[in-house]
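A short worksheet on the structure shown next.
What follows is calculated from the coordinates using simple rules that are stated; it is not laboratory data. Everything quoted here is computed from the prediction, not taken from an experiment. Quick reminder, even Gly has a Cβ in these numbers, built from the backbone with ideal geometry, and neighbours come from all protein chains shown.
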Amino acid sequence: MMMSLFAEMITAQASNKYSATVQEPNGNYVWIDTRYTADHGWETMVFKCDAEGNVSDWNELDCDRYSNEEEARAGHQQMVSRWGINVEKKENKDTGTYVYEVVHYYDTDGGFGDAIPQEDVIAVFSTKAKADECVAKYANPHVYDRPYMSLECGSLEVREREIDVMPDESEMWWKKEEKS
């Protein structure tokens, strides 16, 4: 019985984590890891690593703790912004210009008690740091009051979008096929 509860706790912890390998302005790399821990709850820690994210020194460089997962997710993004540029995005920076959309995710009632997921872009920023600041300030994930106990709203996330890029023709589902 106790082993099963422990296994469930480990599984829950493994699924509730966020991590990123980040290059600092000085060229060094850090690994930023956010997860739920049994001793401190939600926390983000920063460690020295190589470009592939292999930790080279387990002495923490930075640490923040949070009271819930929503705060942890926003805090993780703030930590990434604080420490540098995300390595995965760095390779694409020469190909175009990026904007950072703040997206509000929420549910609407489909008329039969079913939740229909929706999203709206509520703000656009030229830097990820400003978009993350907006999310940290205005995110308020919650469930609607009665009778909608399963409809959620208030969740905000940052979505990076490259601009000045022509979409692939296969994405133009409304385009008429040319007659031969």
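For the range 12-90, taking the reciprocal of the average inverse distance between every pair of different Cα atoms yields a Kirkwood hydrodynamic radius of 12.5 Å. If the segment from GLU60 to ALA115 were pulled out straight at 0.36 nm per residue, it would be longer than the present Cα-Cα gap by 15.6 nm. With K and R counted +1 and D and E -1, the other residues having a Cβ less than 12 Å from that of ASP62 yield a net charge of -2.
Neighbours of MET79, meaning other residues whose beta-carbon lies under 14 angstrom from its beta-carbon, give a summed charge of -3 when Lys and Arg score +1 and Asp and Glu score -1.
The THR127 and GLN23 beta-carbon pair, evaluated with R₀ = 25 Å, returns a calculated FRET efficiency of approximately 0.90.
Spin-label model, GLU52/ARG161: points 7 Å from Cα along the beta carbon direction are separated by 3.6 nm. Annotation: the residues SER155, SER56, sorted from fewest to most other C-beta atoms within 10 Å of their own C-beta, follow the order SER56, SER155.
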